[in-house]
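Only one structure is covered here, and it is reproduced in the block below.
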Amino acid sequence: MTGLIFAMLIGIHGNIIQEPQLIRTTCYIATGNKTASGVYPKEGMIAGRKEDIGKTAILYDKDMNYIGMFEITDTGGKPIRSGKVIDVYRDNIERVYEWSEEYGDYTYVQIIDCEG
């Protein structure tokens with residue numbers, strides 16, 4: 001809940017903030033390719049809708065506990081492009097398993113448009 005309060009405070013300063021939405025969350029690891037925004041992926045980045053590249057996503061677990069802030073730098077397949085899935089970058093397969101065990105298949109996602 002602390003993160004939600006933080007996100008609300010950010011909104012006071014003119015940023016556009018969406019309501020948190022429960023979204024299927026998957027993970028991916030390095031492929032050797034750059035992201036859609038032209039940088040190599042690193043932890044703290046996610047793949048989302050093309051129109052959200054450059055925005056920030058705050059993720060919460062299913063109980064609305066703050067996970068962290070992630071930069072949207074990449075896109076992916078049709079489910080990701082449609083906004084039905086986000087894809088969290090992890091450094092290695094062990095980190096993917098850790099994510100899955102800790103947070104499962106769904107997280108609440110709150111998009112912040114700092115350009116707004």
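The values are calculated or read from the model by the stated rules, or taken from the named source; none is laboratory data. The structure displayed is predicted, hence computed values, not measured ones. Heads up, the Cβs are rebuilt from the backbone with ideal geometry, glycines too, and the neighbour counts pull from every protein chain shown. Surface areas here come from the heavy atoms of the whole protein model, side chains and all, with no ligands, DNA or RNA. Shrake-Rupley method; radii C 1.70, N 1.55, O 1.52, S 1.80 Å.
For the reader, a short list of remarks on this structure follows.
- Test for Lys78: is it open to solvent by 30 Å² or more (accessible area, probe 1.4 Å) and free of Cβ contacts under 8 Å to residues at least 24 places away in the same chain: yes
- Restricting attention to segment 81-105, the residues that are modelled with pLDDT of 95 or more, in a loop (DSSP other than H, G, I, E, B) and surrounded by 13 or more Cβ atoms within 10 Å (Cβ to Cβ) add up to 1.
- Residues that are among the polar types (S, T, N, Q) and either open to solvent by less than 20 Å² (accessible area, probe 1.4 Å) or in contact (Cβ under 8 Å) with a residue 40 or more places away in the chain (or both), drawn from segment 30-74: Thr35, Thr56, Asn65, Thr73
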